[in-house]
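Visitor: I'd like to ask you about the structure that follows.
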Amino acid sequence: MSKSRINNELHCKIQDNRSLGNNIFTEPEITAMEKAIFGAGCFWGVEAAFRKINGVMNTSVGYMGGHFENPIYLDVCARITGHAEVVQVEFDPTVVSYNDLLCVFWSIHDPTSLNRQGPDRGEQYRSVIFFHTEEQGAIAKRSKQALQMSGQYDKDIVTEIKPASTYWLAEEYHQQYFEKKKRGENRSDRTRQTTTHFSRSQLSISLMPFVEAIRHSG
């Protein structure tokens, strides 16, 4: 479904920083920032999409929703932690609303796809909204219901809506990944080069024996 169709259905008002020429990291003088957490597949592309939105002041990628502490990327790829890859969005609610961010979220992935986005498969790629307040949770549920009732999808929306739990910041090389790649910062790192040669799901499978060996060593 196109972004414009979702925006029309859910009454979204979204401005793109690229067209406005704004610096998204300019801190306003007096406004309390709010946070939102979204999982919509590989967090590289999800973060890139939110960083284009006017009113989004900062972003980071990490892991949430799992069952043990301090997960690392290898753990999550091996599907032994239960975490989802997520993006934490810090935004100015006087510029962009939480509902507007939900519109971006719906438009950048397939919310009817269970534990899969494109070639990437596994529970870490699940569609999920983690809310920080009861208000966010209520808005997210209404938004999901409106999209389901819109008839835009033939299948049921499988997006989970859950209270936010501990947010584990991902490794530095994952942060603003595409911006770093564009600047050529990843070319000297063999590990990062490896991730570009495999789909995320292929990488998960290839790393699983390695992670298991680490877990059972010593």
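Visitor: Looking at segment 53-73, I want the residues that are among the hydroxyl-bearing types (Ser, Thr, Tyr) and have a partner that is in a loop (DSSP other than H, G, I, E, B) with Cβ atoms under 7 Å, at least 6 apart or on another chain. Which pairs are those?
Guide: Thr59/Arg51; Ser60/Gln175; Tyr63/Pro71; Tyr63/His83; Tyr63/Ala170; Tyr73/Ala170; Tyr73/Glu171
Visitor: Follow-up question, since we're still on this one. Please enumerate the residues belonging to segment 43-64 that are touching a Phe, Trp or Tyr at 6+ places or on another chain (Cβ under 7 Å) and either under 15 Å from Glu172 (Cβ atoms) or of a type outside the set (A, V, I, L, M, F, W, C) (or both). Show your work before the answer.
Guide: Keep residues of segment 43-64 that are touching a Phe, Trp or Tyr at 6+ places or on another chain (Cβ under 7 Å), which gives 44, 46, 48, 55-59, 61-64.
Residues satisfying the conditions are Trp44, Gly55, Asn58, Thr59, Val61, Gly62, Tyr63.
Visitor: Something else now. Taking segment 78-115 as the region of interest, how many residues are part of a loop (DSSP other than H, G, I, E, B) and either on the phi > 0 side of the Ramachandran plot or acidic (Asp, Glu) (or both)?
Guide: Residues of segment 78-115 that are part of a loop (DSSP other than H, G, I, E, B), as a first pass: 78-83, 92-97, 108-115.
Among the residues that remain, those that are also either on the phi > 0 side of the Ramachandran plot or acidic (Asp, Glu) (or both) are: 79, 82, 92, 110, 115.
Number of matching residues: 5.
Visitor: Kindly evaluate Ile139 against the criterion of being touching a residue at least 24 places away in the same chain (Cβ under 8 Å), surrounded by fewer than 22 Cβ atoms within 10 Å (Cβ to Cβ), outside any helix (DSSP H, G or I) and over 14 Å from the mean Cα position of the chain (by Cα). Full working, then the answer.
Guide: Numbers: touching a residue at least 24 places away in the same chain (Cβ under 8 Å): yes; surrounded by fewer than 22 Cβ atoms within 10 Å (Cβ to Cβ): yes; outside any helix (DSSP H, G or I): no; over 14 Å from the mean Cα position of the chain (by Cα): yes.
No; evaluated as a whole, the condition is false for this residue.
Visitor: Can I ask one more? Quick check: anything in segment 80-88 at pLDDT below 95 and surrounded by 15 or more Cβ atoms within 10 Å (Cβ to Cβ)?
Guide: From segment 80-88, those at pLDDT below 95 are 80; that's our starting set.
Adding the requirement that they be surrounded by 15 or more Cβ atoms within 10 Å (Cβ to Cβ) leaves 80.
Yes; the residues of segment 80-88 include at least one that is at pLDDT below 95 and surrounded by 15 or more Cβ atoms within 10 Å (Cβ to Cβ).
Visitor: Same structure, new question: Being of a type in the set (Val, Ile, Thr) and surrounded by fewer than 19 Cβ atoms within 10 Å (Cβ to Cβ) is the filter; apply it to segment 109-136 and report the residue that is farthest from the chain's Cα centre (by Cα). Give the steps one after another, and end with the answer.
Guide: The first filter runs over segment 109-136 and keeps only residues of a type in the set (Val, Ile, Thr), leaving 112, 128-129, 133.
Add one more test, that the residue is surrounded by fewer than 19 Cβ atoms within 10 Å (Cβ to Cβ), and what stays is 112, 133.
Numbers: Thr112: 16, Thr133: 18 Å.
Ranking the candidates gives Thr133 first.
Visitor: Yes or no: Pro28 out of contact with any Cys (no Cβ under 9 Å at 6 or more places or on another chain), outside any helix (DSSP H, G or I), more than 25 Å from Ala146 (Cβ to Cβ) and modelled with pLDDT of 95 or more? Step through it out loud before you land on a result.
Guide: On the way: out of contact with any Cys (no Cβ under 9 Å at 6 or more places or on another chain): yes; outside any helix (DSSP H, G or I): yes; more than 25 Å from Ala146 (Cβ to Cβ): yes; modelled with pLDDT of 95 or more: no.
No; evaluated as a whole, the condition is false for this residue.
Visitor: Now for a separate question. Can you work out which of the residues in segment 147-204 that are loosely packed, with under 13 Cβ neighbours inside 10 Å, among the basic types (Lys, Arg) and at pLDDT 85 or above is farthest from the chain's Cα centre (by Cα)?
Guide: Lys155
Visitor: Identify the single condition in (1) β-branched (Val, Ile, Thr); (2) out of contact with any Cys (no Cβ under 9 Å at 6 or more places or on another chain); (3) modelled with pLDDT of 95 or more that Val104 does not satisfy, given that it satisfies every other one.
Guide: Just one mismatch for Val104, condition (2).
Visitor: Report, by residue number, each residue of segment 58-77 that is crowded, with 20+ Cβ neighbours inside 10 Å and not in a helix (DSSP H, G or I).
Guide: Kept after step one, since they are crowded, with 20+ Cβ neighbours inside 10 Å, are these residues of segment 58-77: 59, 61-65, 71, 75-77.
Within segment 58-77, Thr59, Val61, Gly62, Tyr63, Met64, Gly65, Pro71 meet the criteria.
Visitor: Please identify the pairs in which a residue from segment 155-183 that is more than 15 Å from Gly41 (Cα to Cα) has its Cβ atom under 6 Å from the Cβ atom of a residue that is part of a loop (DSSP other than H, G, I, E, B) and among the polar types (S, T, N, Q), counting only partners at least 6 apart or on another chain.
Guide: Taking only residues 6 or more apart or on different chains, the pairs are Lys155/Thr112; Lys180/Asn186.
The values are calculated or read from the model by the stated rules, or taken from the named source; none is laboratory data. Computed from a predicted model, the values in this text were never measured in an experiment. We place every Cβ from the backbone using ideal geometry, glycine too, and count neighbours over all the protein chains shown.
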